[in-house]
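Chemist: Following this message is one structure expressed as structure tokens.
The values are calculated or read from the model by the stated rules, or taken from the named source; none is laboratory data. Quick caveat, the model's predicted, so the values are computed rather than measured. Cβ placement follows ideal geometry from the backbone for every residue including glycine, while neighbour counts extend to all protein chains displayed. These accessible areas exclude ligands, DNA and RNA; they are computed on the full protein's heavy atoms, side chains included. Shrake-Rupley method; radii C 1.70, N 1.55, O 1.52, S 1.80 Å.
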Amino acid sequence: EAGKERLREINKQLSALTIQFNNNVLAETNNYKLVIDNEADLAGLPQSVISAAAEAATAAGEEGKWVFTLHKPSWIPFLQYADNRDLREKLYKAMYMRGNNDNEFDNKALISEIVNLRLERSKLLGYKNFAAYALEERMAKNQENVYKLLNDVWAYALPQAKKEAAELQAIADREGANIELASWDWWYYTEKLRQEKYNLNEEELRPYFKMENVREGVFMVANKLYGLNFKKLDSIPVYNPEVDVYEVTDADGSHIALFYTDYFPRAGKRAGAWMSSFRKQSTRDGEDIRPIVYNVGNFTKPLADTPSLLSLDDVETLFHEFGHALHGMLSRVTYHGLSGTSVARDFVELPSQIMEHWAFKPEVLKMYARHYDTGEAIPDELIGKIEASGKFNMGFITTEFVAAALLDMDYHTQTEEQQYDVNAFEKASMDKIGLIDQIIPRYKSTYYSHIFSNPEGYASGYYSYLWSEVLDADAFQAFAEKGIFDQETARLFREYVLSKGNTEDPMELYKKFRGAEPDPVYLLKNRGFIE
Ligand SMILES: [Zn+2]
């Protein structure tokens with residue numbers, strides 16, 4: 001009974017502490033502005049980025065200046081293109097020091113408390129640590145399996161990242177920059193390398209990725225795979241004029257779901273992209289209650305004279321979140337608690353990540369990537385460049401991800417409560433795996449919202465994206481072998497993955513779809529680590 005009382009107390013504390021963590025990240029993200037009033041400091045930036053910064057300045061009451069923020073659509077282009085190295089450093093440091101500034105929004109003490117409370121709670125429930133508690137119901141089952149996957153991939157990723165760093169350094173040297181490559185230089189020289197290797201400038205691609213066209217594209221993919229149809233409804237009230245609603249029907253015309261999209265940043269809106277539902281699918285008294293699902297994003301906003309033109313990253317995210325939406329919409333189960341995306345955390349990214357595979361396939365691009373102004377389909381030359389550059393920078397992308405996933409595991413496999421010196425713990429964790437100075441983990445502890453902004457959230461679960469990628473790479477291979485719109489493969493995927501929710505063991509479901517357990521080799525191939 002004393003134990004129960006203590007559990008209640010811990011839950012209450014975790015809830016309060018994680019809310020505070022989240023609020024601190026929000027405050028640190030929103031409070032910061034890099035205000036530029038000297039036009040020379042904009043050198044290197046594309047016009048679209050400058051225009052967006054000017055609009056941001058006006059909105060912030062800094063008319064006539066340029067404002068950059070710690071929101072990704074703002075800081076990433078600045079890091080990619082701004083010639084002014086000092087300002088790149090300043091903005092990047094502001095980004096990665098969030099929650100670590102020893103001010104009222106500092107998150108270090110909260111992290112220590114959260115990690116310790118999770119451990120205490122897990123022990124009260126009979127587990128040796130939080131990871132053991134969290135992983136029991138996942139596909140991975142235990143920490144050994146998680147570390148094995150992460151370390152296996154790390155062994156390919158880190159050497160690749162070092163090779164990339166050397167290539168970037170070589171460009172800087174050749175340009176006579178006289179610098180030692182630092183983390184705030186990575187994006188900048190990566191853009192130059194991308195340009196050099198593929199003659200590909202992300203900005204020249206954007207006109208082909210108007211948000212409305214991309215959304216139409218993902219609908220077409222769902223139509224070709226599953227026979228779904230999407231009809232825009234103007235009669236349904238929405239909570240903001242930027243929101244659109246669609247009725248989704250099956251091949252036979254029967255109602256499947258309502259689907260909402262809410263794709264642009266607004267003041268007060270949470271950053272990132274996600275799927276959720278107003279109503280989950282379930283069956284009540286024999287009646288199939290169909291779901292109401294939404295996708296939220298923070299994609300590049302339309303400007304006064306241009307529509308919303310997405311980056312490749314945005315496009316991938318839109319397809320990804322739509323995959324979650326399909327998982328919610330195609331659910332056919334009895335209990336809403338087992339419905340749609342209510343599945344193991346390391347299984348839930350399979351339906352979303354597999355959708356990303358279709359986004360940039362040439363025949364799919366031909367369907368939706370049309371110039372917003374001329375209506376011209378994306379030229380083969382650009383498609384070729386997108387394909388060729390698909391594995392570009394993969395050492396970096398994988399390294400920053402796996403570093404963050406390992407950091408998460410390192411916190412949550414501790415078996416003793418302790419006073420954490422968060423910066424020292426993080427450094428030790430990264431030193432242990434030999435992370436290079438030019439790369440920081442995708443999330444540093446003090447703004448690692450995935451693992452610290454919810455009582456449980458993705459704690460001991462950030463690895464899930466990679467785990468799911470083993471699945472999605474292997475699953476897409478089934479399509480690749482038979483044709484990317486192969487109807488029988490699509491039927492099996494819908495039947496055993498998209499419609500079953502959490503009603504059966506995920507590995508059993510997967511095997512029913514694929515006929516075998518997933519083979520990690522396709523992940524390594526997709527990332528270009530092996531031939
Ligand atoms: Zn996802």
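Chemist: Taking the Cα centroid of the range 236-282 and of the range 25-88, what is the distance between the two, rounded to the nearest whole Å?
Modeler: Using only Cα atoms, the two centres lie 31 Å from each other.
Chemist: Additional query: Counting heavy atoms of the protein chains only and a 1.4 Å probe, report the per residue accessible area for the range 208-374 as a whole number of Å².
Modeler: Per-residue value: 40 Å².
Chemist: Using a 7 Å offset from the Cα along the Cα-to-Cβ direction at both N30 and L124, what is the distance between the two label points in nm, to one decimal?
Modeler: Here the answer is 3.3 nm between the modelled labels.
Chemist: What does the charge count around A94 come to, taking other residues whose C-beta lies under 14 Å from its C-beta (Lys +1, Arg +1, Asp -1, Glu -1)?
Modeler: Here the count lands on +4.
Chemist: While we're looking at this one, here's another question. Given R₀ = 41 Å, FRET efficiency for I76-T374 by Cβ-Cβ distance, to 0.05?
Modeler: Using R0 = 41 Å, I get an efficiency of 0.90.
Chemist: Check the straight Cα-Cα distances from K12 and name the aspartates and glutamates below 14 Å, setting aside those fewer than 8 residues away within the same chain.
Modeler: Excluding near neighbours in sequence, the set is E113, E120, E456.
Chemist: Hey, another quick one. Expressed in whole Å with the largest first, what are the equivalent ellipsoid semi-axes of the range 2-96 derived from the C-alpha gyration tensor as the square root of 5 times each eigenvalue?
Modeler: That gives 39, 13, 9 Å for the three semi-axes.
Chemist: With every protein chain left in place, what is the accessible area per residue of the range 402-503 in square angstrom, probe 1.4 Å?
Modeler: Solvent-accessible surface per residue comes out at 35 Å².
Chemist: At a 10 angstrom cut-off on C-beta neighbours, averaged per residue, how do the peptides 225-232, 134-141 rank from highest to lowest?
Modeler: Most protected by this proxy first, the peptides run 134-141, 225-232.
Chemist: Ranked from highest to lowest mean number of other Cβ atoms within 10 Å per residue, what is the order of the peptides 207-213, 410-416?
Modeler: 207-213, 410-416
Chemist: For the pair E363/D173, report the inter-label distance in nm, with labels modelled 7 Å from Cα in the Cβ direction.
Modeler: 4.6
Chemist: Shifting gears a bit: Against the empirical 2.2 N^0.38 Å scaling, what ratio does the C-alpha Rg of the range 208-374 come to?
Modeler: Relative to the 2.2 N^0.38 Å estimate, the range 208-374 comes out at 1.03.
Chemist: So, in nm, how far is label E63 from label K482 when the simple model puts each one 7 Å beyond its Cα toward the Cβ?
Modeler: 6.3
Chemist: Using the Kirkwood formula over every pair of different C-alpha atoms, what hydrodynamic radius in Å results for the range 120-244?
Modeler: One decimal place: 20.7 Å for the Kirkwood radius.
Chemist: So what are the radius of gyration and Dmax for the Cα set of the range 169-296, in Å?
Modeler: Looking at the range 169-296, its Cα Rg and Dmax stand at 22.0, 73 Å.
Chemist: Report the per residue volume, in Å³, of the convex hull enclosing the C-alpha atoms of the range 272-371.
Modeler: So the per-residue hull volume is 125 Å³.
Chemist: Note the per residue figure in Å³ for the convex hull of the C-alpha positions in the range 42-200.
Modeler: Enclosed volume per residue, from the Cα hull, is 191 Å³.
Chemist: Still on this structure, please answer the following. Using a 1.4 angstrom probe on heavy atoms only, work out the carbon and sulfur share of the accessible area of the chain in %.
Modeler: Of all accessible area on the chain, carbon and sulfur atoms account for 48 percent.
Chemist: At a threshold of 8 angstrom on Cα-Cα distance, excluding pairs fewer than six apart, so keeping six or more, what relative contact order does the range 2-96 reach in percent?
Modeler: Once normalised by length, the contact order is 27 percent.
Chemist: Taking 30 Å as the cut-off for C-alpha to C-alpha distance, list the pairs among K72/K366; K232/K500; K33/K525; K33/K391 that go past it.
Modeler: Where the Cα-Cα span goes over 30 Å, the pairs concerned are K33/K525; K33/K391.
Chemist: Moving on to the next point. Would you work out the charge dipole size for the chain about its Cα centre, treating the Cβ of every Lys and Arg as +1 and the Cβ of every Asp and Glu as -1, and quote it to the nearest 20 debye?
Modeler: 980
Chemist: With the alpha-carbon atoms as the only input, what is the per residue convex hull volume for the range 376-511 in Å³?
Modeler: Given the Cα convex hull of the range 376-511, per-residue volume reads 200 Å³.
Chemist: Using a Förster radius of 30 Å, what is the FRET efficiency between N199 and N223 based on their Cβ-Cβ separation? Nearest 0.05, please.
Modeler: Calculated value: 0.30.
Chemist: Past 28 Å, Cα to Cα: identify those pairs from K108/K162; K141/K444; K231/K280; K280/K511; K123/K444, in the order given.
Modeler: Too far apart for the 28 Å limit: K108/K162.
Chemist: Right, next: Using θ = phi - 60° and the Karplus form 6.51 cos²θ - 1.76 cosθ + 1.60, what ³J(HN,Hα) does each residue of the range 107-116 get, whole Hz, x for Gly and Pro?
Modeler: Couplings: 9, 5, 5, 4, 4, 4, 5, 4, 4, 5 Hz.
Chemist: Also: Mean projection of the alpha-carbon convex hull of the chain over all orientations, in nm²?
Modeler: 26.1
Chemist: May I ask you to compute the full-extension gain from A304 to E504, defined as 0.36 nm times their residue separation minus their alpha-carbon distance, rounded to one decimal in nm?
Modeler: Here the segment from A304 to E504 would lengthen by 67.0 nm.
Chemist: In addition: Could you run the Debye sum over the Cα atoms of the range 92-150, one equal point scatterer each and no solvent, and tell me log10 of I(q)/I(0) at q = 0.26, 0.28, 0.31 Å⁻¹, two decimals?
Modeler: Ignoring solvent entirely, the Cα scatterers give -0.93, -1.00, -1.13.
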